[in-house]
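The values are calculated or read from the model by the stated rules, or taken from the named source; none is laboratory data. It should be emphasised that the depicted structure is a prediction, and the values quoted were computed from it without experimental measurement. Positions of Cβ are backbone-derived with ideal geometry, glycine not excepted, and every protein chain shown enters the neighbour counts.
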Amino acid sequence: MKIELERLALYQEVWDRPFSDICVKYGLSQTQLRAACRALGIPIPTDRYWAKLATGQDAIKTPLHEDFERSTYEYVETKSRAYFVQESDIQWLEKQLTWERSPENRIAVVMLPTKWDPTLREVRKHLEAQAVKMIRQIAEHEAKKASPSKARGTWEPAWNNSSTAVEAGAFLVDKHSVTGFRVSPATFKRALAIANALAIACRSRGLKFEVQDVHGPMLISKGDASISFALRERQETITASNGVLGFSKRYVPTDKLALVVSRHPGSDLQIVDTTEIKVEDRLNEVLCCMWTQVVRSGEESRLRAHEKQEREETAKIEAEIRQRRAAEQAQTESELAKIAALLADAESFEMAGRIRAYVQAATVTIPEDLQEPFKKWKVWALKVADSKDPKKGLFETLRRGDQNS
């Protein structure tokens, strides 16, 4: 199937609707859609543009250059995953996305929740305990540093020390481990509130929300479809002097959060705190990803069923080919065996004829005094000739064949 994209129409769509919606409409991947935009000289909106639209701010479109060599782009669609998207799924997805993007359905984050989702109980307990422990350690250090006897030297929390990342580092969970919360004492309460708001929103929408491995990534699922996400505090690099050892780089938290959604297929989605918009203001985008994944899951299920059917049909055809070849081979071998038997019969017939001719010649020339022993020999010789003669066996075979037919 060939898809023709018109330059001006595609430009308006790209700046009016998210990429994911357009990809579903045309059955293209984001890579293919971006390639079409590049081929047509269409500028692509940034995340900041969509963030402004989400908060009701004025967002300026990048104008389309009028002088461009191409006005259309043709794409020949192969039987990819998009082929298995049903029209009803597209309509359902558009309805879900429209509902999620409606201002009245915006997910609200309560910073001091009175109702907590039960799946966050263990990770909340763990982060709170780690925060208390770390704050106490820093307070003890500050007290020692203020003491005159301990005035020499300076100390700061080992923000970048991988061996003591939990004990005295910035993050309450080792930053080198797989975790759903890479946060510091300054941001863990906010991160928990965001996760709690998402968990409650998921359950109200009939989605399953869970935390993997106590404080691992968080998972949202419905049937076979799922996405995982994590909340991570942004870091910044500080260059510090080590005296004679020169300078070293350290990574310290910034109190800015990023919500990273991992999804398959498709690239990761990152929602990052900016000066204009916070992660809390874009949580519905996470669920938009989930609804898209539900459609993709159904699409992949149909694709797998199609591939299974194709494999079964291919296996059936190959089995029929093997059976036909085996039958042909058996027929060939049977024909060769019959030919070999015929040649053997012909040789036997010739031998029987030669024996009979020999007996006949001997009968004419046998002396009178040898007539009696010759008669016995002749009977024996003709029996030998008869045993060699294949005609009798041939007639019996033909009769059996006639009876069987």
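Side notes on the structure shown:
- Criterion applied to 240, 195 was being at pLDDT 90 or above and either of a type in the set (Gly, Ala, Ser) or not in a strand (DSSP E or B) (or both), and the one residue passing it is 195.
- So residue 287, is it within 19 Å of residue 51 (Cα to Cα) and modelled with pLDDT of 90 or more: yes
- Boolean, residue 82 is at pLDDT below 85, of a type in the set (Gly, Ala, Ser) and either assigned to a helix (DSSP H, G or I) or in contact with a helix residue (DSSP H, G or I) (Cβ under 6 Å, 6 or more places away or on another chain) (or both): yes
- Pairs meeting the criteria (first residue in segment 291-311 and more than 17 Å from residue 91 (Cβ to Cβ), second residue assigned to a helix (DSSP H, G or I), beta carbons under 7 Å, at least 6 apart or on different chains) are 300/81; 303/81; 303/84; 306/84.
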